[in-house]
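Student: Before I ask anything, let me first share the structure, which is written out below as structure tokens.
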Amino acid sequence: MRKLVCPRLPQFQACVSPLGQLHTRPLFGGYSLAIDDTVFAMVAEGNIYLKACEQSAAYRVEHRNPLLTLRRHGRIVPLKYYQIDDTLWRDEQQLFRLSLLSWQSAQREKELPTGVRPPEGFTQYQLSYGIAADSRGHTGR
């Protein structure tokens with residue numbers, strides 16, 4: 001097994017330590033990062049990626065963070081994890097906030113029954129709080 005090489009991992013561990021003990025496991029040619037058996041980040045090629053969630057969308061759009069990709073059957077497949085950029089590494093409060101949002105979103109996804117994903121047009125927020133939406137995703141709010 002390859003050794004986990006990520007120069008920023010100690011900084012990330014210190015940042016998310018209030019959430020609990022960070023655990024690593026080999027996954028997709030990289031490593032998953034989990035707290036309380038909830039995967040919310042990945043390490044690949046020396047970089048750390050946070051799980052994308054609705055609450056982090058504004059940051060991702062503004063900073064255009066690259067997504068983690070996986071080569072599958074000769075094709076490049078983007079995963080729902082975005083790279084932690086230098087701006088985020090310099091702002092530990094923001095890094096903690098976005099890490100917390102990723103972790104909480106991953107926890108909510110785990111609570112869904114196996115194989116169940118939000119229907120088209122539903123957001124994770126709507127599912128979590130029982131807000132109904134019509135076939136186009138409109139909530140009437």
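Values in this text are rule-based calculations from the coordinates and carry no lab data. Bear in mind that the values here come from a model prediction, so they are computed numbers and not experimental data. Reconstructed Cβ throughout: ideal geometry from the backbone, glycine too, with neighbour counts over all protein chains shown.
Student: By the gyration tensor of its Cα atoms, with a ≥ b ≥ c the square roots of the eigenvalues, what is the shape of segment 12-88: rounded for a/c under 1.5, prolate for a/b over b/c, or oblate?
Tutor: oblate
Student: Which whole-Hz ³J(HN,Hα) couplings does segment 33-38 yield from phi under the Karplus relation 6.51 cos²θ - 1.76 cosθ + 1.60, θ = phi - 60°, glycine and proline marked x?
Tutor: With the stated coefficients, segment 33-38 comes to 10, 9, 10, 6, 6, 10 Hz.
Student: Just want the ordering: Ile48, Ile76, Ile35, from fewest to most Cβ atoms lying within 10 Å of their own Cβ.
Tutor: Details: Ile48 25, Ile76 8, Ile35 19.
So the ranking, lowest neighbour count to highest, is Ile76, Ile35, Ile48.
Student: Quickly work out the Arg108-to-Leu79 label distance, labels modelled 7 Å from Cα along the C-beta direction, and quote it in nm with one decimal.
Tutor: 2.2
Student: Full extension from Phe28 to Gln55: what is 0.36 nm times the residue separation minus their Cα-Cα distance, to one decimal in nm? Can you show the working numbers first?
Tutor: Working: separation 27, 0.36 × 27 = 9.72 nm, distance 2.51 nm.
Working it through step by step, the gained length comes to 7.2 nm.
Student: Kindly put Tyr49, Tyr59 in sequence by how many other C-beta atoms sit within 10 Å of each C-beta, fewest to most.
Tutor: Tyr59, Tyr49
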